[in-house]
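Readers should treat all values here as calculations from the given coordinates under stated rules, not as data from a laboratory. Treat the numbers as computed from the prediction; the structure is a model and nothing was measured. Positions of Cβ are backbone-derived with ideal geometry, glycine not excepted, and every protein chain shown enters the neighbour counts.
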Amino acid sequence: MDLHVYNWEKFERSKLRYIGFSSVFIIAITLSLLNQNVVGGIVLFFILGAYFYYSVLSNQITKMHINEKYILIEKKAHPWSDFNSYTIEVEKQTNKIKNIVLIYTKWYTIYTIKDKEENIQKFCEALDEYIPLVANLEQSLLEKLIRLLKL
């Protein structure tokens with residue numbers, strides 16, 4: 001069974017947010033160079049490049065594949081023994097399934113789903129055979145804040 005997901009959790013952000021972020025960084029780089037801090041300007045330039053590179057990576061769609069021995073995410077196989085459970089996150093406004101959260105022994109990974117509703121149901125039924133579904137995900141205050149700010 002296959003499910004198409006984004007590489008990570010994908011946040012819907014407006015173009016205005018990217019323009020504002022870029023503008024602030026360009027101003028910081030300019031001020032750094034005007035104050036003859038070339039190293040600071042170069043570091044800020046690389047940070048800006050890394051941010052946009054991360055944005056491109058998080059918009060790539062990959063495939064999750066369930067097997068009797070493991071779950072294959074992109075090209076990496078994760079054995080079932082690595083997982084404790086999984087949960088599904090639903091959008092409050094539309095009641096559509098948005099994210100699937102795979103809960104490992106010591107951490108969790110959130111993937112935004114990019115597939116049909118029927119495929120999501122079939123995938124979850126197949127996933128239930130190997131790991132249990134839990135009602136909610138325990139998150140720290142910092143994690144909740146990061147997700148609220150869509151970082």
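Between the helical axis of 38-58 and the longest alpha-carbon principal axis of the chain there is an angle of about 30 degrees. Dimensions of the range 1-106 from C-alpha coordinates, computed as largest minus smallest value along each principal axis and given longest first, are 60, 33, 23 Å. Here the 3J(HN,Hα) profile of the range 124-136, calculated from phi with Karplus coefficients 6.51, -1.76 and 1.60 at θ = phi - 60°, is 5, 4, 5, 5, 4, 5, 10, 9, x, 8, 10, 5, 8 Hz, Gly and Pro shown as x. Based on C-alpha pairs under 8 angstrom that are at least 6 apart in sequence, the chain has a relative contact order of 29 percent.
Take the Cα of Lys96, go 7 Å toward its beta carbon, and the backbone nitrogen atoms of the range 8-36 under 16 Å from that spot belong to 10-13. Couplings 3J(HN,Hα) for the range 60-67, derived from phi with the Karplus relation 6.51 cos²θ - 1.76 cosθ + 1.60 (θ = phi - 60°), are 7, 8, 10, 10, 9, 10, 9, 10 Hz, where x marks Gly and Pro.
Ignoring lysines fewer than eight residues from Lys69 along the same chain, the ones with Cα atoms less than 20 angstrom from its Cα are Lys122.
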